[in-house]
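Below: one structure, written as structure tokens.
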Amino acid sequence: MARFIIRMLLLVVLALGVLYALQLRAPGPPLPPVLDLPQHTVRIALEGRPADLPIYSLHPLFSDKVNLDIQVIEQPGERWRLLAAGEIDLVVSTLDEFALAVPRYNPGQIIFPVALSIGSDAVVAHAKTPPGELRVAYVSGSPGETMMARLAARPDHPYAVVPISAPDARTARAWYESGQVGAVATCEPYLSNYLAHGDEALIRTTPEEPITQVWVASRQSLLSQRLPRVNRQDLQQVADAWFLLMARLQAKPGLAVGAIARDNEISVEEVEKSFLGLKFYTLSEVGAITSPQLQSQLLELATDGALRGALNAVKPGSFEADIDLSILDDLHAPEMPAPTPEASLSPSPEQSPLVTPSPLLEPPEDDNPFSPTPMHSP
């Protein structure tokens, strides 16, 4: 009897062991598919700002076969995390965003500036907002945080600024339009729509206090010459195409703006409105900018306690950003097309007292209804 019980127990143990082994070998849930991108594919992360629009028109300008994988990622922290991990090759950002990102992510290397916001960014409030507490919606780590912080640091307004962080710019605008906050940090083309309906710009970028747009590249992509998917030469081709488009935008703005509108699936009027208060650099203008100049601007942004607050201030000796403009040395000077007698996009000083004349700053007639149109995202 005892032997029978022992045999039964052994059989039970053996059966349980077989079942456990089968369970270990049973197929689990399927793994997510691996993204198999073609060779020479440059992955670009955009925020959805006006200076991003020309990116969608670059592909026809490549001299060799280069592919673009364009993603709109509105959260700054997510863009920097992906860039630092080498999962994105290029982020279109601003010096303000980069200064905030360096201490936390050390995400990549600035390869050159591309544009200046000299009127494109602002904090707007509803008309006749009474003095006192003012809730301002902004996106943390974005240029909107810079504008909100500048407003809070200024003594020449009657408001006690209360920062309200939103997950993305679309949510910040929705809070403002529904009255949940009294002001919002925003940019063109939404800025023009708000002003056309009587809202007030409490603070705005100017030529004296601009926001600089920059390209930040992944170190993995820059340092490798033989990656199977992308390398430094591919980034150079993208940069070459960008400055060729900037040359065409300056010489033949009507044709260039039309192409940008088509590739972004928006109207020409919307592109023109998006480019208000925005100065794009040409290759020769970028060539006059030095790494020490950018480093100095970044240090000023990162260490300005009044602007960022004491908790976010960085000690001057502890901040060092990665800037290398040498990729510009290998770019080809674009052939400048002869200017055409088409309608220029340059405003007179009377038309645009806020900014200096630029080929991209003619304010179009604003007869669009108040309904900010989201920029095209793939």
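Ranked by how many other Cβ atoms sit within 10 Å of their own Cβ, fewest first, the residues Leu222, Leu100 fall in the order Leu222, Leu100.
Just rank Val162, Val123, Val114, Val286, fewest to most, by other beta-carbon atoms within 10 angstrom. If you can, show how the numbers build up before the last one.
On the way: Val162 14, Val123 27, Val114 21, Val286 17.
The most exposed by this proxy come first: Val162, Val286, Val114, Val123.
For trypsin sites (Lys or Arg not before Pro), the sites in the stretch 193-277 that DSSP calls loop and that have at most 16 other Cβ atoms within 10 Å are Arg226. Taking label positions 7 Å along the Cα-Cβ direction at both Leu223 and Leu255, the computed distance is 4.3 nm, reported to one decimal. Here's how it looks for Arg43: its modeled amide H is under 5 Å from those of Asp69, Asp89, Leu90, which are all 5 or more places away or on a different chain.
Sort the stretch 82-194 into rounded, prolate or oblate with this rule: let a ≥ b ≥ c be the square roots of the eigenvalues of the Cα gyration tensor; rounded if a/c is under 1.5, and if a/c is not under 1.5, prolate when a/b is larger than b/c, oblate otherwise. Taking the square roots of the gyration eigenvalues as a ≥ b ≥ c, the stretch 82-194 is prolate. Remind me, relative contact order of the stretch 172-309 in percent, using alpha carbon pairs under 8 angstrom and six or more residues apart? Once divided by the residue count of the stretch 172-309, the mean separation gives 18 percent. Ranking of Glu208, Glu74, Glu47 by neighbouring Cβ atoms within 10 Å, starting from the fewest: Glu208, Glu74, Glu47.
Annotation note: trypsin sites (Lys or Arg not before Pro) in the stretch 55-129 located in DSSP loop regions with a Cβ neighbour count of at most 16 within 10 Å are Lys65, Lys128.
Quick check: from the Cα gyration tensor, does the stretch 236-289 come out rounded (a/c under 1.5), prolate or oblate? Note, shape of the stretch 236-289 comes out prolate. Taking amide H atoms as placed 1.01 Å from N in the peptide plane, the amide H of Ser140 lies under 5 Å from those of Ala166, each 5 or more residues away in sequence or on another chain.
The string of couplings for the stretch 126-134 from the Karplus curve (6.51, -1.76, 1.60, θ = phi - 60°) is 5, 4, 6, 5, x, x, x, 5, 10 Hz, one whole number per residue in order, with x for Gly and Pro.
For Val161, the residues 5 or more places off, or on other chains, whose built amide H falls under 5 Å of its own are Leu134. Here the simple spin-label model places points 7 Å from the Cα toward Cβ, and for Glu78 and Glu133 these points are separated by 3.1 nm. Phi angles of the stretch 48-62 translate, via the Karplus equation with coefficients 6.51, -1.76, 1.60 and θ = phi - 60°, into HN-Hα couplings of x, 8, x, 5, 7, 4, x, 4, 6, 10, 7, 4, x, 9, 6 Hz per residue; Gly and Pro are given as x. For the stretch 227-293, the list of GluC sites (Glu not before Pro) that fall in a loop by DSSP and count at most 12 other C-beta atoms within 10 angstrom reads Glu265.
Take every Cα pair under 8 Å whose residues are at least 6 apart in sequence, average their separation, divide by the length of the stretch 84-172, and the relative contact order is 30 percent.
Bear in mind these aren't lab numbers, they're just calculated from the coordinates by the rules spelled out. Please read all numbers here as calculations on a predicted model, not as lab measurements. As a convention, Cβ positions derive from the backbone with ideal geometry for all residues, glycine included, and neighbour counts pool all protein chains shown.
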